[in-house]
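Here the structure comes first, spelled out in structure tokens, and everything after it is commentary.
Just so you know, all these numbers are worked out from the coordinates, no wet-lab data involved. Keep in mind that this is a model prediction, so the values were computed, not measured. With ideal geometry, Cβ positions are generated from the backbone for all residues, glycine too; neighbour counts draw on all protein chains shown.
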Amino acid sequence: MPAPVLLPFGATPRKSDETYIRALEAAGLRVHVLRPGESPPPAFGGLVLAGGTDIEPARYGQPPHPANHPPEPARDALEADLIESAIAAGAPILAICRGMQMLAVARGGALVQHLPDVVGHSRHADAPPIDEKHRRAHTVVLAGPGRLHDLLGAGPIEVNSRHHQAVDPAQPGAGLRIVGRAEDGTVEALDWDIPNQLIAVQWHPEDIALGPPGPMRDQARALFEAFATAVREFAGA
């Protein structure tokens, strides 16, 4: 069996943590949760970067926006180290919401700190009831060639949404390219040229994968299954 995938979280457990674990386990993966101050195991099969609070803006050379949520620098540092280790090892990475933003920042990119300032609305920060986090918020168009385009097609695909920040399209990070955008131009997916190493999306497929049957759930599960396949291939390399 492949080594567990690493799943770093913040210091304080959140109810949403369990959703990531359930979605990964449903794809046949073992999960090793890490919190700031803990050391990763000597071997790991992949890295999952989950959602959470805003990243410390000093990491990308900006002062904080008044609308920002309090950062957790210790989590930022842990994830930056794990990203470096995963890239060096060639391990698969699944980056979700804040996780995609953290990946971009770790690669020298920057963020749009408050999307309403740029797109003129707050629909990306949808806050549905706890049992409806899977529901549609907007659509995303995927550009090819790339891993997501191969998995899901060009779209537009329907996604959920729960964020007020996004990757800055002018500074996505070294080696990263934008392969998905919302109707308003917000960056929704990233890729790079290392085969099978990265799935990075701004929406929350973990919620959709555990939601009701339909095309959205099928697409979300396809992402987790593709990541699980990459983890198994990495283990056999």
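The residue among Ala235, Gly214, Ala189 whose Cα reaches farthest toward the positive pole of the charge dipole of the stretch 181-237, with charges on the beta-carbon of Lys, Arg, Asp and Glu, is Ala235. Cβ-Cβ distance of Arg136 and Asp193, R₀ of 25 Å, FRET efficiency by 1/(1 + (r/R0)^6): the value works out to about 0.20.
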